[in-house]
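Before any comments, here is the structure.
Just so it is clear, none of the values below were taken in a lab; they were calculated from the coordinates. It should be emphasised that the depicted structure is a prediction, and the values quoted were computed from it without experimental measurement. Note: ideal-geometry Cβ built from the backbone for every residue, glycine included; neighbour counts use all protein chains shown.
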């Protein structure tokens with residue numbers, strides 16, 4: 001299974017999408033953007049942090065391709081990148097199926113041990 005990571009702004013550093021989503025503020029931003037496109041100021045109104053802190057979170061989410069920017073007049077709107085969210089979901093589904101298979105194997109083994117006693 002190939003890890004999900006992305007190259008950042010030309011520095012050849014990798015930004016891991018799961019590290020990005022590990023932050024509760026970024027997860028909340030993703031949840032906010034799931035319902036509608038928002039400006040950075042609109043997003044910042046939902047947090048007790050500076051506008052600059054929200055911009056940093058948005059930059060990380062953009063680098064991971066979880067959100068995208070769209071200029072509308074003088075405003076920048078951020079949208080959730082559904083395609084990237086689907087990629088994450090597919091990855092998690094593969095991991096989930098592996099663990100469910102292992103769990104089922106363990107259940108079968110435990111049942112065999114119970115019946116053999």
statement: Tilt, helix 24-33 to longest principal axis of the chain (alpha-carbon atoms), in degrees rounded to tens, equals 70
message: Restricting to Cα pairs below 8 Å that are 6+ residues apart, what does the relative contact order work out to for segment 5-116? Please round to a whole percent.
response: 23
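Listing 115, 50, 39 from the residue with the fewest other Cβ atoms within 10 Å to the one with the most, what is the order?
Values: 115 7, 50 10, 39 14.
By the 10 Å Cβ count, ascending: 115, 50, 39.
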message: Angle check, please: helix 51-63 long axis (alpha carbons) against the longest principal axis of the chain (alpha carbons), in degrees 0 to 90, nearest 10.
response: 60
task: Mind pulling the angle between the C-alpha long axis of helix 82-116 and the longest principal axis of the chain? Nearest 10 degrees, somewhere in 0 to 90.
output: 20
Alpha carbon Rg of the chain, scaled by the compact-globule rule 2.2 N^0.38 Å: 1.47
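With runs of 4+ DSSP H residues as the only contributors, calculate the mean residue ellipticity of the chain at 222 nm using -39,500 (n - 2.57) per run, divided by the residue total and rounded to the nearest 500. Show your work: numbers first, answer last.
Numbers: 5 runs with 69 residues, N = 117.
Taken over the chain, the calculation gives -19000 deg cm²/dmol.
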message: Could you work out the relative contact order of segment 51-94? I mean the mean sequence separation of Cα pairs under 8 Å and 6+ apart, divided by the number of residues, in percent.
response: 25
- prompt: Highest GNM mean-square fluctuation, the chain, Cα pairs closer than 10 Å: which of 71, 105, 52?
  reply: 105
- request: Measure out, as a whole number of angstrom, how far apart the alpha-carbon centroids of segment 56-78 and segment 83-116 sit.
  value: 36
statement: Taking R0 as 30 Å and r as the Cβ-Cβ distance between residue 86 and residue 107, the FRET efficiency 1/(1 + (r/R0)^6), rounded to the nearest 0.05, comes to 0.45
